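Report on the following structure.
The values are calculated or read from the model by the stated rules, or taken from the named source; none is laboratory data. Worth saying up front: this structure is predicted, and the values here are computed from it rather than measured. Glycine gets a Cβ as well: all are built from the backbone with ideal geometry, and neighbour counts include every protein chain shown. When the accessible area is computed, the model is the full protein with side chains, heavy atoms only, and any ligands, DNA or RNA have been set aside. Shrake-Rupley method; radii C 1.70, N 1.55, O 1.52, S 1.80 Å.
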Amino acid sequence: MKEVPVNGHLHLSNGNGTVAESATHTNGSTNGYAGHNGTSNGSTSNGCSSKKQSAKCTCNKSGLENGSDTNNNQGHEKCTFHHDLELDHKPSTREDLLPLMSKSYRMLLSSLGEDPERQGLLKTPERAAKAMLFFTKGYDQSLEEALNGAVFDEDHDEMVVVKDIEMFSMCEHHLVPFYGKVSIGYLPCKKILGLSKLARIVEIFSRRLQVQERLTKQIAVAVTQAVQPAGVAVIIEGVHMCMVMRGVQKINSKTVTSTMLGVFRDDPKTREEFLTLCNNK
């Protein structure tokens, strides 16, 4: 047999006019026969493919007849044409982390000298993993999703204050909770925000590993991004369990942080009005 060039490929001729395609191609692939799209199917026999891979959908026709859509991949769950792991990769959801997180909590229980197999702890690793995902669900949320278009044109330029919004968060230093109340004020510039969206903004940033100082600033910046007001003011009063149940163990201590932006920072009278409204019971 001898090598014969055909269409840019090297083929082997057996002398009777029959040619077989070699495993060597113009793209340099040597891992078996490469199909027409230049990708190897990994099936080889003496360096050549035993069968060419079909570059078309091989989905179950009944699945397609039942209203599947090539755009949403319904009916194509087992089709390699639609589910190439490299070309159609989708990031895992946080729920996919549950098995690994549960395993980590199980190891933690063992490290504490506990028996993870005893009745009271059998499902504790999974429960703790689910709880941690809930405590930190803010990582899955965005400002745009929370606002959901609830920004309205309104000729209103007087102060808007929503106070005593309950807040729960997790101290990033000790992974124990801190909680408290948030008061938010802003001075509109022709745009107002749905009142419940202020509480949702608090949820987005509090349901993460946090420090109170950063949380206060993030809320103020988010309100600014949402409605571009003349100014924003945020005050948080929090109780930190890392100071209550460990360390100095001061059960009556509270931490107060504030962020003042725009006119709330520049104009003492505007700032005083906001503080007065927040302190009124």
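Could you sort out which of Lys103/Lys130; Lys217/Lys250; Lys103/Lys123; Lys217/Lys254; Lys217/Lys281; Lys130/Lys217 sit more than 23 Å apart by Cα distance in this structure?
Flagged as over cut-off: Lys217/Lys250; Lys217/Lys281; Lys130/Lys217.
Let me cross-check Tyr139: its accessible surface, 1.4 Å probe, with only protein heavy atoms counted, in Å² to the nearest 10?
About 110 Å², ignoring ligands and nucleic acids.
Can you sort Tyr179, Tyr186 by 1.4 Å-probe accessible area, starting with the largest?
Tyr179, Tyr186
With r defined as the distance between the Cβ atoms of Ser111 and Thr255 and R0 fixed at 30 Å, what FRET efficiency is calculated, to the nearest 0.05?
Once rounded, the FRET efficiency stands at 0.45.
Would you mind checking which residues have amide H under 5 Å from Arg207's amide H? H placed 1.01 Å from N; only 5 or more apart, or other chain.
Amide H neighbours of Arg207: Gly138.
So how exposed is Glu166, as accessible area in Å² (1.4 Å probe, rounded to 10)?
Its accessible surface works out to 120 Å², give or take rounding.
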